[in-house]
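Scroll down for the structure; my scribbles are underneath it.
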C-alpha cells in the first residue's frame, strides 16, 4: 500500500512509500480503508520532532491522525462495526494507531465512530481533532452557559471555527480575533464581535468576559487574562496554566490536551447532521502531495481545514 512516512525528524522530511507494509490486525482493532485524511498543525509538529521526547526513529513512521474511511476488517472483540461501515476518527501512531496518511490504517474501536450521515469523506476527515477539541473545551471544561461571554482566539482556524459555532449554539456572546480579510467568514460562523489582531488590541476593547479559548499562545495568552472577570476561565491549546497570572487576576486556567474518543465523535456527528456545525475546507491535496499539504498548513493562514484525498 501507499503511505506517507518519515525516517527522521526535521523539516520537509516526509516520503511517499509506494510499498509500505499493510498494518496487521489485532484484537480490539479495526482495519480501515482510508478515503480522506485531515491535516492538523500537530502533524507537522510531529515531523519536526516536537513530541518525540528526544527519541530517534527506529523505523519508518506513518504520520497523520484524522481520517474518514470504510471498515475493511475487524479484529477479535470488535462488535460495534462490520465490514463496509463508514467511519471517522483517529488513527494516530501516538494513540496506538498505524497513521492516517495511508491507503489503509489500523486503529482502536474507542478512537472512531460512525461517520456523520450528511458529511462526505473530505468533510468528515476534517472534523475529529478540531471538533473534539472545541467540544471538550466549550462544553466540558468551561461548561459555557447561555448569556455568558467568551473570547476565542484564532477564530478562522480549524479549532477556532468549531468553537465559535458550538459557543453560539449554547447561546453565548462570542468575540474572536482574526485577520480583517476574514471578517465575513467569522460573522457567518456566528461571531458577535471581531477584533483585527493586527491593528487592534483586544484587551483594550473587551472586559468582564466569562471565558477565553486560546489557540494562539505566547503573548496573546498572557494578555488574555486582562479581559476575564473574577472567577473566569482561560483554556489554552498551547500554554500551560500560569499560576502568577491566575492569582493576579483571580481566574482559573487550564491547558488542553485533546484525547479523541468515540463518545465525543458521536456527539460531533450529531451536531453536524443537525446543521449546528459546518466545516470549511480550505484546500485538498492528493496523497502524493502530502508534503506540500503539511507545508501549506505550516506556512499559510488556513481558513478551516486542509485535507488529503486518497488517489
_Residues within the range 183-196 that are within 22 Å of the chain's Cα centre (by Cα) and either farther than 23 Å from residue 234 by Cβ or in a loop (DSSP other than H, G, I, E, B) (or both), tallied_ = 6
*Can you find even one residue in the range 217-235 that is surrounded by 14 or more Cβ atoms within 10 Å (Cβ to Cβ), on the phi > 0 side of the Ramachandran plot and not in a helix (DSSP H, G or I)?*
yes
_Listing of strands (runs of 3 or more DSSP E) fully contained in the range 82-138 that carry 1 or more residues being touching a helix residue (DSSP H, G or I) at 6+ places or on another chain (Cβ under 7 Å), farther than 18 Å from residue 308 by Cβ and in the same structural domain as residue 46 (by TED's automatic domain parsing)_ = 112-114
*Do you know which of the residues in the range 94-103 that are farther than 13 Å from residue 29 by Cα and surrounded by fewer than 24 Cβ atoms within 10 Å (Cβ to Cβ) is farthest from the chain's Cα centre (by Cα)?*
103
_Exclusive hit being free of Cβ contacts under 8 Å to residues at least 40 places away in the same chain and under 18 Å from the mean Cα position of the chain (by Cα), set 265, 238, 271_ = 238
_Residue in the range 184-200 that is out of contact with any strand residue (DSSP E or B) (no Cβ under 9 Å at 6 or more places or on another chain), surrounded by fewer than 24 Cβ atoms within 10 Å (Cβ to Cβ), at pLDDT below 95 and not assigned by TED's automatic domain parsing to the domain that holds residue 32 present_ = yes
*residue 16 fails exactly one of the following numbered conditions: (1) in contact with a helix residue (DSSP H, G or I) (Cβ under 9 Å, 6 or more places away or on another chain); (2) at pLDDT 95 or above; (3) part of a loop (DSSP other than H, G, I, E, B). What is the number of that condition?*
(3)
*Give the number of residues within the range 125-143 that are surrounded by fewer than 24 Cβ atoms within 10 Å (Cβ to Cβ), out of contact with any strand residue (DSSP E or B) (no Cβ under 6 Å at 6 or more places or on another chain) and either closer than 30 Å to residue 36 by Cα or in contact (Cβ under 8 Å) with a residue 12 or more places away in the chain (or both).*
4
_It is to be established whether one or more residues within the range 51-61 are under 25 Å from residue 262 (Cα atoms), surrounded by 15 or more Cβ atoms within 10 Å (Cβ to Cβ) and touching a residue at least 60 places away in the same chain (Cβ under 8 Å)._
no
*Any residue at all in the range 37-44 that is touching a strand residue (DSSP E or B) at 6+ places or on another chain (Cβ under 8 Å) and either free of Cβ contacts under 8 Å to residues at least 12 places away in the same chain or farther than 16 Å from residue 294 by Cα (or both)?*
no
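The values are calculated or read from the model by the stated rules, or taken from the named source; none is laboratory data. Not measured: the values here are computed from a predicted model. Don't worry about glycine lacking a Cβ; one is built from the backbone with ideal geometry, like all the others, and counts go over all protein chains shown.
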